[in-house]
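Asks: Here it is, the structure in full.
We did not get these values from a lab; they are worked out from the coordinates using the rules stated. Note that the structure is predicted; figures quoted are calculated from it, not measured. For neighbour counting, all protein chains shown are included, and Cβ atoms are generated from backbone atoms with ideal geometry for every residue, glycine included.
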Protein chains: 2
Amino acid sequence: MGSGKKKQKVSTKPPSGTRDFLPADIGRRAYVIDRVRQVYERYGFVPLETPTIENLSTLLGKYGDEGDQLLYRLLHRRDNLSRALELDPVTEADLADQGLRYDLTVPLARVVGNTSYNLPKFFKRYQIQPVWRADRPGRGRFREFYQCDVDITGTTSLVAEAEVCAAVAEVLVTLGFEDFTININHREVLRAMIRAAGIDLDLEGSALVAVDKLDKIGEDGVKKELAERGVSEESATTLLSLVLVGSAEGARVGLAEGVGLAEGVELLRTKLDGEGTAALDELRQLGELLQRTPAGTYVRFAPELARGLSYYTGAIFEITVADLQGSLGGGGRYDGLIGMFDAKGKKQVPSVGFSLGLERILVVMEERAMFRAEEIRVGPDVLLCWMDVDLASIVGVAHGLRAQGLRVEVFPEKAKLGKQLGYADSDGVNAPIAAILGEDELAAGEITLKHLRSGEQSRVKIGEASAVIAAWKTPV
Amino acid sequence: MGSGKKKQKVSTKPPSGTRDFLPADIGRRAYVIDRVRQVYERYGFVPLETPTIENLSTLLGKYGDEGDQLLYRLLHRRDNLSRALELDPVTEADLADQGLRYDLTVPLARVVGNTSYNLPKFFKRYQIQPVWRADRPGRGRFREFYQCDVDITGTTSLVAEAEVCAAVAEVLVTLGFEDFTININHREVLRAMIRAAGIDLDLEGSALVAVDKLDKIGEDGVKKELAERGVSEESATTLLSLVLVGSAEGARVGLAEGVGLAEGVELLRTKLDGEGTAALDELRQLGELLQRTPAGTYVRFAPELARGLSYYTGAIFEITVADLQGSLGGGGRYDGLIGMFDAKGKKQVPSVGFSLGLERILVVMEERAMFRAEEIRVGPDVLLCWMDVDLASIVGVAHGLRAQGLRVEVFPEKAKLGKQLGYADSDGVNAPIAAILGEDELAAGEITLKHLRSGEQSRVKIGEASAVIAAWKTPV
């Protein structure tokens, strides 16, 4: 074995930043995922799944330097590894040419770029899959986590922006959220503010990173960061005043009073001196479209919103709730990304998307106790308990109950009835009903059903068990 | 960048051995997975999901040397990588301490070994997740593929064997399979045959690998392999005669004539001179139990069945169909594996499981044309087509249709009606209905619905669209 390998104690914990999902966890996750899927399908999106493993040539350079650092890479094997280890010096790039999926947008771009798939011109796809980032774990932040994405490729129509925003809003409303905010801004509005503040366009990206932190570090914090990044005090003051005009004086207040995106946009327009007019018009119209959808009342103009990813070219979105640092999801228009996968470099596919973070949604729903027990219950309806009967008869009766659609677990070993009933009711089993099979019942082709919570009990023909349970006064 | 890195052309293909699942693929996959899940839940199994990433200390040494070779390993990052690259020589073990999930059984063993989870004494879990093996791709063989596992931990009761076999049999019957075989053998029956043939127990594993290939390489091939592995000709002849007694003369013929597992077992018993009696009794009783379940008619005694994995301790299973080399799934009893995750090395958790391979099932179902189009259809019910109306009205009407439960895609751009209708009917969209919104309809709060296949058409109030469609003579 290798020189660096030590004898390790075998741990039963999952690796740091990852989790085992026990049955109760799956109950909650499946509940949310099912509802996301139903809403996305109602909006006409169709499902796509891409491999966990992608070539590094697909992934690298799409997520910025930090993203490249957070990629999981798969170590070469056998001959490829031997060859790499003979190099001197050996570098990271020699040791891997594949990695794990980092988001769902770049794989979509690769798929849409693959002309052999013959996808429709307007590809409305949803994708609900895990992604991996070698990031520092935290509350609602994991190294393996699920994204729930909708994207529309192939059109510059604002209907696309409206559809993705409406779909994610309806997801959240369906899940019981009432107080989220869809923050909306536009890449070109950001640029217009940068220009209006007299900031060199070379500093644009850097300045926007600072502005994006307004919520976290406040006005003074942003000013300090802008100075550190080489923005003059005058420019910083102007930029902040623009951001705050649209925000605090406009929609941020307006939101509570029913003033929409349009009003915030118009406020900023008066300060921009003709800069960014097309983008402002676009946001104004998007606001009008969204008024006709479930997103309407949740929309806010957010001039400070920049989002990290550099591939956005138009409208950008982010959903926030008061009790979660960070966002429940985000997205925007990216008209240049898919062209990167065109061999000739000419085919542009204008696209817009929105991504919801499953774990972020779950953490808020759990903390707010938004789940109802009956909606997320997993496990059997019935535990089949037995005494003084042969195993073949037990297996046969279980089959008879299952044939009626009941979910049936069989107590597998000989034990006193009290112990079996106690097991039915124990944590992790939680069977609401015990079906008791003894010599008498077996001889008569019957079974004794016991509703464990209400104590209600009846002896019935095996073939009628499901109907009897359905007719019980106390629901199971 | 690293010395080994070359400028790569960005490919739009997924990596070798992996696949993109387009919407139609997902339709088939989701159909199968949903049915697997429903049956498994009817049998009282509860869901578990484990992380994609596992510590190598969990994975290594569980799957044999070949398995260790096929593990995907995750390259260390940053400081860990730098430190490793300073070693001389650098080995594989220095470069990674995590890898990708290789099967679902070892992660289950880790989870059951984790006492902090407070799992029930008899943990009946199902798990449907992908696994990764750096294997040579082939027909129905991929590097990323899904397993659909059921396992029952915590009991030696034969009810557990019967339940897992019955569950997978019912899955296949539910999917429309009529002609599969559940091959059953027992670790101790194999050992008894080895002993009865006078083969040194040191050669047991090696000899069984040869016997397991009977279906593929025939009697002469097995004899040749046994000789190469150091088994005397006399022992090889005896071993093969034992394997064939149970198989060709017994159940293999008997299967077609309705003779069950029990008869095959009794035939072999007469040749084993008292060896393996307990195991033969167990198989006989298992056969009796299975007669009471949907597995009954599909069971065959398979004395040649060895299966590669060394952790099996009791009954072993494998499902085959005539038109697929390899198996649809397999499993068995493994009473020692979970104890490997007990820190004190004392806690044994007897367990039995069965694993179905999703891709194997899919490849057979596709080749046999077992899918019905209406069961696997994905995509919108309605494409909303429009002329001479404003975008906000279109978005509003789409919302009105979705509120009735319809799955609605909006044609996003201005285009002639004929083009829009053609798009609705095109590959990859396949919307069965077009909803046409013009000035007239909008003014009247109506919509024109057109059934694209039948040509049936009616103009209706927007709020009544779903009811009208449901009442159409031609189903959508």
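Asks: Over all distinct alpha-carbon pairs, what is the Kirkwood Rh of chain A in angstrom?
Replies: Evaluated on chain A, it is 26.2 Å.
Asks: Give me log10 I(q)/I(0) at q = 0.16 Å⁻¹ for the stretch A:264-375, Debye formula, one equal scatterer per alpha-carbon, no solvent.
Replies: Results for the stretch A:264-375 at q = 0.16 Å⁻¹ read -0.93.
Asks: Tell me the distances, shortest first, between A:Asp427 and the same position across the other copies, using label points 7 Å along Cα→Cβ, in nm to one decimal.
Replies: Ordered by distance, the counterparts are at 5.5 nm.
Asks: Right, here's the next one. Just counting partner chain Cβ atoms within 10 Å, what average do the residues of peptide A:28-40 show around their Cβ?
Replies: 1
Asks: Shielding by partners for B:389-395, please: the mean number of other protein chain Cβ atoms within 10 Å of each residue's Cβ.
Replies: The mean count of partner-chain Cβ atoms within 10 Å per residue comes to 6.
Asks: Between beta-carbons, use under 10 Å as the cut-off and find the net charge around A:Thr58, counting Lys and Arg +1, Asp and Glu -1.
Replies: +3
Asks: Let me ask something else about it. As an exercise, use a Förster radius of 60 Å and the Cβ-Cβ distance of A:Val209 and A:Glu86 to find the FRET efficiency, rounded to the nearest 0.05.
Replies: For A:Val209 and A:Glu86, the calculated efficiency is 0.90.
Asks: Right, next: Say R0 is 60 Å: what FRET efficiency, to the nearest 0.05, do B:Leu244 and A:Arg229 get from their beta-carbon distance?
Replies: 0.15
Asks: Run down the aspartates and glutamates and flag those whose C-alpha is under 13 Å from the C-alpha of B:Lys224, throwing out any fewer than 8 positions away in its chain.
Replies: Those aspartates and glutamates meeting the cut-off are B:Glu233, B:Glu234.
Asks: Within the set A:Lys13/A:Lys416; A:Lys414/B:Lys124; A:Lys223/A:Lys347, which residue pairs have Cα atoms separated by over 29 Å?
Replies: A:Lys13/A:Lys416; A:Lys223/A:Lys347
Asks: I've got another one for you. May I ask for log10 I(q)/I(0) of the stretch B:380-471 at q = 0.10, 0.11, 0.15, 0.19 Å⁻¹, from a Debye sum over the Cα atoms as equal point scatterers with solvent left out?
Replies: -0.20, -0.25, -0.47, -0.79
Asks: Can I ask one more? Within the set of other residues whose C-beta is less than 11 Å from the C-beta of A:Gly314, count the net charge using Lys and Arg as +1 and Asp and Glu as -1.
Replies: -2
Asks: Next question. Net charge near A:Ala403, counting Lys/Arg +1 and Asp/Glu -1 over other residues with Cβ under 11 Å of its Cβ?
Replies: Combined, the nearby Lys, Arg, Asp and Glu give +1.
Asks: What does DSSP give for the stretch A:380-471 in terms of the percent of beta bridges that are antiparallel, rounded to the nearest 5?
Replies: That works out to approximately 55 percent antiparallel.
Asks: Nearest 10 degrees is fine. How inclined is helix A:23-42 to the longest principal axis of chain A, computing both from alpha carbons?
Replies: 60
Asks: Cα centroid distance between the stretch B:259-319 and the stretch A:148-175, in Å?
Replies: About 56 Å separates the Cα centre of the stretch B:259-319 from the one of the stretch A:148-175.
Asks: In addition: Among A:157-168, B:141-152, what's the highest-first ranking by average C-beta atoms within 10 angstrom per residue?
Replies: Going by the mean number of other Cβ atoms within 10 Å, highest first, we get A:157-168, B:141-152.
Asks: If we sort B:217-224, A:420-427, B:193-200, A:467-474 on the protection proxy, mean other Cβ atoms within 10 Å, highest first, what's the order?
Replies: B:193-200, A:420-427, B:217-224, A:467-474
Asks: Here is a follow-up. Roughly what percent of Cα-Cα pairs across the protein assembly as shown reach past 49 Å?
Replies: For the protein assembly as shown, the share of Cα pairs beyond 49 Å comes to 31 percent.
Asks: If one takes the longest principal axis of the Cα atoms in chain A, at what angle in degrees, from 0 to 90 and to the nearest 10, does the Cα axis of helix A:158-175 lie?
Replies: Approximately 40 degrees, to the nearest 10.
Asks: Something else now. Evaluate the charge dipole of the protein assembly as shown about its Cα centre and quote only its size in Debye, nearest 20, assuming +1 on the Cβ of each Lys and Arg and -1 on the Cβ of each Asp and Glu.
Replies: Result for the protein assembly as shown is approximately 340 debye, rounded to the nearest 20.
Asks: Using a label point 7 Å beyond Cα on the Cα-Cβ vector, give me the inter-copy distances for B:Ala30 in nanometres, one decimal, shortest first.
Replies: Result for B:Ala30, in nm, nearest copy first: 1.6.
Asks: Moving to a separate point now. Is any residue of the stretch B:139-162 close enough, with backbone N under 14 Å, to a label point placed 7 angstrom from the Cα of B:Lys121 along the Cα-Cβ axis, and if so, which?
Replies: Under 14 Å, as judged by backbone N against the label point of B:Lys121, lie B:153-157 of the stretch B:139-162.
Asks: Right, something else. Measure nothing fancy, just the Cα-based angle from helix B:358-367's long axis to the longest principal axis of chain B, in degrees from 0 to 90, nearest 10.
Replies: 70
Asks: On to the next question. With charges only on Cβ, +1 for K and R and -1 for D and E, what is the dipole size of chain A about its Cα centre, in debye, rounded to 20?
Replies: For this selection, approximately 1200 debye.
Asks: Label-point separation (nm) for B:Gln38 and A:Arg195, each offset 7 Å from Cα along Cα-to-Cβ?
Replies: 5.8
Asks: Counting only Cβ atoms, what residue of chain A lies nearest to the axis that sends chain A onto chain B, and how many whole Å off?
Replies: Taking Cβ atoms only, the nearest residue and its distance are A:Leu75, 2.
Asks: Relative contact order for the stretch B:23-367: what is it in percent, counting Cα pairs under 8 Å that are at least 6 residues apart?
Replies: Normalised by residue count, the contact order of the stretch B:23-367 is 22 percent.
Asks: Can you find, among B:Thr52, A:Ala278, B:Leu290, the residue sitting farthest towards the positive end of the charge dipole of the protein assembly as shown, where Lys and Arg contribute +1 and Asp and Glu -1 at Cβ?
Replies: B:Thr52
Asks: OK, next. Per-residue counts of other Cβ atoms within 10 Å, averaged by peptide: what ranking do you get for B:407-417, B:95-105, highest first?
Replies: B:95-105, B:407-417
Asks: Now for a different question. Shielding of B:79-86 by partners, i.e. mean partner chain Cβ atoms within 10 Å per residue?
Replies: For peptide B:79-86, the averaged partner shielding equals 2.
Asks: Suppose you put the label 7 Å out from Cα in the Cβ direction; list, shortest first and in nm with one decimal, how far B:Thr297 is from each other copy's label.
Replies: 5.8
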